[in-house]
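The values are calculated or read from the model by the stated rules, or taken from the named source; none is laboratory data. Bear in mind the structure is a predicted one, so any value in this text is a computation, not a measurement. Quick reminder, even Gly has a Cβ in these numbers, built from the backbone with ideal geometry, and neighbours come from all protein chains shown. Accessible surface areas use protein heavy atoms only, side chains included; no ligands, DNA or RNA. Shrake-Rupley method; radii C 1.70, N 1.55, O 1.52, S 1.80 Å.
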Amino acid sequence: MEPQYISSMLGLLLAAFLTLSSATSPHDNFLRCLSLSSNHSSSIARVVFTPDNLSYSTILKSRIRNHRFCTTDTPKPFVIVTPLLTSDIQATIHCSRNHGLQLRIRSGGHDYEGLSFVSHVRFVLVDLINFRSVDVDVENRVAWVESGAILGELYYRIAEKNKTLAFPGGICHTVGIGGYMSGGGYGLLFRKYGLAADNVIDAQLIDVYGRILDRQSMGEEVFWAIRGGGGGSFGIVLSWKLKLVSVPPTGTLFTVRRTLEQNAINLIHKWQYVAPKMPHGMYFDVALSRVKSTRDGKKTVTSSFIAFYLGGTNELVPLMHERFPELGIRKKDCIEMSWIESIIYLGKIRNQPLEVLLDRDFQTPLTLPSYKSKSDYVKEPIPEIGLKGLWTRFSENEAEFGVIYFFSYGGIMDEIPESSTPFPHRAGNLYKIIYNVGWEEQDNINSDKYIDWIRRIYGYMGAYVSKSPREAYVNYRDLDIGTNSEGNTTSYARASVWGRKYFKNNFDKLVHVKTMIDPENFFRHEQSIPPLWKKQEAPEHEITKRDCIEMSWIESIIYRGQIQNQPLEVLLDRNFQSPPTLMSFKSNPTT
């Protein structure tokens, strides 16, 4: 068949379709697909927002936690879907695939690089705000939590039923469950009970084919991958079954600050040896920041030693005198409180009722509105000269809103094999470092100077942290360490650059799982796990639902013409090089 005839035929087909559909827009075509694909077409219409909707901008901005990605230049979603039903999500996956649209999945909006709600190609945002139920079963010490819930909602519902049950999660109560679990998740109890992902015992996942899978039906390899392999690679996790853990009615917390004049560098140097060997039930970190001096009002660098201990003051003070007498902890430095109260205290939402944990819109002061973060792991104590160099760099102007956290490891983290989940940073680490610099939203125009500062700090620290690879924590996304190529064909070699920093040798297994669960790489972003791109002979098997794709007649023309991932208007392009046709060919009239 000659190319001219093919082009003419496609033009006629499109003309016929447009006549039938009254020349609808791309948004209309996508919305029609959603309506036809959903089991509840009337309900899905209420949860779909295009830029023409008055609520579109409000919904988009309301859960952007890093305002670095809330500018006029930030790419916006083609459509926002806030599903009420599982079938809404299935329809969105189906129609996004058929219309060549990427998906971004947002639970809490805390993605450090905005990957859960920003893309540089046309995309659909699935916001799980309506998937937020929490069902706590005290008798069996488990909870089912949907991905759109926040940590605060989980904590509140647990404490509502039992004050001596908890979950080993973080202190920022507005973080969404979905993203938090997907990256591993650490918090006050992780030296005692491991990561959040270590305490997931089941989950519900919607895969690229729209199937709803639990642990048994997805298989152990996929279940392994979703618990620490990073969000946005394997499907959409609807809900998580969590194992709850025991805590005493009362714990003890202290925060003491030391400046350079108060021997802070020597104390931090000693902390590196002491903190990882503390009892499993103790969380012990250090934060470096700039504050106003009480003497002359000038800015000075201070180190805050922060601890939470699962026990009373009468246990903690003697322990500190024995292990770390130089810090000089006294009874008056300590505050006894429950685990749930410690979340509010350390989350800097003090003097608020417990119900503040239910408020997902509460502006926590843990970070400024716009920020950039990076991470490291330390395996050998940093010498005092190295700490002095770090201290000096806090004197730079851009460091005014900078903070660096040292989170001690040890405890049960030394006992869990690094291959037990994709999160590999276990035994051998003394502590983790988080570098963060923030600024007010109106200063976004000057963001480069703050980001340059944190990159200089990161560069300086290279001599003192893990190497080959220089490890990083996936929940603190950092596109500086590498990204996938644009499009759908990221190479294994390119993804390995950043992948091994997050996952070490577990990266290879994640690639294997990705190839199995999403071989065409539909779920993807700048740091998603790629499949292996190799041609494989399909095994003989009976046709199942997984092999089938539902689509309209006009969509089948695009699909069979191998011009997927193109808008409908491609049918008008007579110069488009269709893959089945070689650049040069000659027809054989005898065939």
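Just a few scattered comments:
- Scope segment 390-412; condition out of contact with any Pro (no Cβ under 9 Å at 6 or more places or on another chain), crowded, with 16+ Cβ neighbours inside 10 Å and not charged (D, E, K, R); matching residues: Leu390, Trp391, Phe394, Ala399, Phe401, Gly402, Val403, Ile404, Tyr405, Phe406, Phe407, Ile412
- Only one of Phe284, Phe223, Phe234 that is free of Cβ contacts under 8 Å to residues at least 24 places away in the same chain, within 27 Å of Ser419 (Cα to Cα) and hydrophobic (A, V, I, L, M, F, W, C): Phe223
- Long-range neighbours under 6 Å by Cβ, at least six apart or interchain, first residue farther than 17 Å from Gly169 by Cα and at pLDDT below 85 within segment 345-374, second among the charged types (D, E, K, R) and not in a helix (DSSP H, G or I): Pro365/Lys348
- Test: Thr294 is part of a strand (DSSP E or B), open to solvent by 20 Å² or more (accessible area, probe 1.4 Å), modelled with pLDDT under 95 and within 22 Å of Phe394 (Cα to Cα): no
- Considering segment 432-457, and only residues there that are under 21 Å from the mean Cα position of the chain (by Cα) and not charged (D, E, K, R), the residue that is farthest from Leu288 (Cα to Cα) turns out to be Ile451.
- Conditions (1) modelled with pLDDT of 95 or more; (2) part of a strand (DSSP E or B); (3) buried (at least 22 other Cβ atoms within 10 Å of the Cβ); number of the one not met by Ile434: (3)
- Checking Leu213, Leu244 one by one, the residue that is touching a helix residue (DSSP H, G or I) at 6+ places or on another chain (Cβ under 8 Å), within 24 Å of Ile416 (Cα to Cα) and not β-branched (Val, Ile, Thr) is Leu244 and no other.
- Answer residue from segment 181-190, given it is in contact with a strand residue (DSSP E or B) (Cβ under 9 Å, 6 or more places away or on another chain) and part of a helix (DSSP H, G or I) and is farthest from Ile412 (Cα to Cα) among those: Ser182
- If the condition is being assigned to a helix (DSSP H, G or I) and open to solvent by less than 60 Å² (accessible area, probe 1.4 Å), then segment 472-483 contributes Leu479, Ile481.
- Subset of segment 484-532 [outside any loop (DSSP other than H, G, I, E, B), open to solvent by 10 Å² or more (accessible area, probe 1.4 Å), free of Cβ contacts under 8 Å to residues at least 60 places away in the same chain and not hydroxyl-bearing (Ser, Thr, Tyr)]: Ala493, Arg494, Val497, Arg500, Lys501, Asp508
- Selection status of Lys374, within 24 Å of Glu471 (Cβ to Cβ) and open to solvent by less than 10 Å² (accessible area, probe 1.4 Å): yes
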